[in-house]
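Structure first, then comments.
The values are calculated or read from the model by the stated rules, or taken from the named source; none is laboratory data. Note that the coordinates shown come from a computational prediction; the quantities given were computed from them, not determined experimentally. No Cβ is skipped: glycine too gets one built from the backbone with ideal geometry, and neighbour counts run over all protein chains shown.
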Amino acid sequence: MIIEACAGKAYDHFLDEYNANNGNFLAKLIEEEGVIVKSFSDDVYDAFGEASEEVFEETRGKNALVAEVNDKFVAARVNVGGRMNLSEAPYYAQRNRILGL
């Protein structure tokens, strides 16, 4: 229980630091180093998805435990993704619209 509490607190601290500092460091890379931020095209994302599915299928066939873990991962991904599409994504889109971001 103590280890779980410490791990949770450490993760919270990491996430807080990431959220507090990532924008500043990205701005520094853009302004001081001339970094140009670009998005991947849908074709590239599609290729990522296809390649990851190939890896999942290959590793699923290794043994029953890998298949079980993969099944649980996929179920959790669907659950989280569905919830995020209903809550976080619309919230961030509207917040950014209002803030002009």
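Here are 95, 77: which of them is in a helix (DSSP H, G or I), within 17 Å of the chain's Cα centre (by Cα) and surrounded by 10 or more Cβ atoms within 10 Å (Cβ to Cβ)?
Result: 77 is the single residue among 95, 77 that is in a helix (DSSP H, G or I), within 17 Å of the chain's Cα centre (by Cα) and surrounded by 10 or more Cβ atoms within 10 Å (Cβ to Cβ).
Only one of these is without any contact (Cβ under 8 Å) to a residue 12 or more places away in the chain, surrounded by 10 or more Cβ atoms within 10 Å (Cβ to Cβ) and outside any loop (DSSP other than H, G, I, E, B): 66, 35. Name it. Walk me through how you get there before you give the answer.
On the way: 35 fails: outside any loop (DSSP other than H, G, I, E, B).
One residue alone meets the criteria, 66.
Quick one: would you say residue 61 is modelled with pLDDT under 90, within 19 Å of the chain's Cα centre (by Cα) and loosely packed, with under 11 Cβ neighbours inside 10 Å? Steps first, answer last, please.
Working: modelled with pLDDT under 90: yes; within 19 Å of the chain's Cα centre (by Cα): no; loosely packed, with under 11 Cβ neighbours inside 10 Å: yes.
No: the conditions fail for residue 61.
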